[in-house]
Amino acid sequence: MKTQDYIELEDRYNAHNYKPLDVVLERGEGIWVWDVEGNRYLDFLSAYSAVNQGHAHPRILKQMIAQAGKLPLTSRDFRNNQLPLLAKELCTLTGYEMMLPMNTGSEAVETALKAARKWGYEVKGVPDGQAEILTCDGNFHGRTITIVGFSTEQQYREGFGPFTPGFKAVPYGDAEALERAIGANTVAFFVEPIQGEGGVVIPPEGYLRRAKEICERHNVLMIADEIQTGLGRTGRLFASDWEGVRPDVMIIGKALSGGFYPVSAVLADSSILGLFRPGDHGSTFGGNPLGVAVAREAVKVLVEEGLIGNAHTQGDYLRGKLERVESPHIAEVRGRGLLIGVELKPSAGGARRFAEALKLEGLLCKETHHNIIRFAPPLVITRDDIDWAYDRIEKVLMMP
């Protein structure tokens, strides 16, 4: 079958909830992927940062195969010998006292929201049913009814109401607005240290530190969604580390499994996660031995192979080169580590045509919010690889 055959099958039988580039991939290795006709592309999106370790990393693959041949699933009705080890390793690495494993990022977000409300009622003493959680304009935390209900993007909400009450949005990057919005029943402030899906939006310097201080003073939990920005993507273990901030609750996912399997987790101290009792929350697949074995090795690869530092070094290099592109279409280049957004001027005609042109040049990326190109290659990328990519990016950005 050829590319067009697969496209026609998908368009006929699959719901049209995405608008992918017309490339049909069948295998990957490191930073490279190949389509069904043998064409090679440099992956500059990394499955929204799920493939930080590169495609089909051999160490993670080996562990997945080994565990799959032993015991893929037990559910949490029984214990397994992998989960305690991941819990200890993650808590040791991050400094939190406890973790709660889930599968997808959205599930981890829902878990953190439940934990925050439970803490609000049982510890802070908010009257039952009145807990309020503050979110940010421009946020993206997932696709469940509750999550899209507190999104400020109209398309994410349209046709899906009524929504879960108890959420209020404040301007992103405005610490004073956050403090003004806090009331007696506010239990948490939910924030992305960098808004990835929102267009690689970086808040003003000191915003996270100020937000954390405000939350502490008002007895409000600070919850950081680091599903995309965490685990090395920005050149630090967490994007919050750039300001030396330790959120009360940390949400991770995506790269936690290196792209092999859906694995996510919520990290917090026992004063928060210790409030859950048997039966309060759960997941058939959450914490399963196959996913946990994959996650353990994925984290080891990030740390032991120096990928976090490489993201910092190569990200600075790539961003510096992009900032020197003399294209009439570029409004701004911004980012941290290997999470970079190139915002285009309205006159550029949208980012989609540039992504399609880069595909023809052998580089895969995607537009976000119509006028922004997001660049996020696997963290195993080298300087020579970036030079190869840059030549093509510059060529495309200079087109009429």
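What follows is calculated from the coordinates using simple rules that are stated; it is not laboratory data. As the structure is a computational prediction, the values presented were derived from the model and not from experiment. All Cβ positions, glycine included, derive from the backbone under ideal geometry; neighbour counts span all protein chains shown.
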Looking at region 261-319, which chymotrypsin sites (Phe, Trp or Tyr not before Pro) are DSSP coil and have at most 11 other C-beta atoms within 10 Å of their C-beta? none
Take D280, project a point 7 Å from its Cα along the Cβ direction, then tell me which residues of region 171-203 have their backbone nitrogen under 18 Å from it. 187-189
Answer check: the chain, Cα atoms, Kirkwood Rh, Rg/Rh ratio of 0.96
Identify the trypsin sites (Lys or Arg not before Pro) of region 291-327 meeting these criteria: DSSP loop state and at most 15 other C-beta atoms within 10 Å of the C-beta. R324
Around G258: net Lys/Arg minus Asp/Glu count, Cβ-Cβ under 11 Å: +3
Filter the chymotrypsin sites (Phe, Trp or Tyr not before Pro) in region 62-162 down to the DSSP loop ones having no more than 16 other Cβ atoms within 10 Å, then list what survives. F78, F160
For labels at Y13 and T152 in the simple 7 Å Cα→Cβ model, what's the distance in nm? 4.2
Could you check which residue among G161, G350, G306 shows the biggest mean-square fluctuation in a GNM of the chain with a 10 Å Cα cutoff? G161
Kindly rank 51-59, 26-34 from highest to lowest mean number of other beta carbons found within 10 Å of each residue. 51-59, 26-34
The chain: angle of helix 383-397 to the longest principal axis, Cα-based, in degrees nearest 10: 70
Going 7 Å from the Cα of N39 toward and past its Cβ, which residues in region 354-379 have a backbone nitrogen under 18 Å from where you end up? 354-367
Return one number: the angle in degrees, 0 to 90 and rounded to the nearest 10, between the long axis of the Cα atoms of helix 58-68 and the longest principal axis of the Cα atoms of the chain. 50
Could you tell me which of the pairs K62/K300; K19/K366; K254/K321; K19/K345; K321/K395; K118/K168 are separated by over 20 angstrom between their Cα atoms in the structure shown? K254/K321; K19/K345
Counting Lys +1, Arg +1, Asp -1, Glu -1, what net charge surrounds F160 among other residues with beta carbon under 13 Å of its beta carbon? 0
Within region 1-32, list the residues whose amide N lies under 17 Å from a label point set 7 Å along Cα→Cβ of R352. 11, 16-23
Compute the angle between helix 307-323 and the longest alpha-carbon principal axis of the chain, please, reported from 0 to 90 degrees and rounded to the nearest 10. 50
Rounded, prolate or oblate, given the Cα gyration tensor of region 205-251, with a/c below 1.5 counting as rounded? oblate
Could you tell me how far the Cα centroid of region 183-227 sits from the Cα centroid of region 67-115, in Å? 24
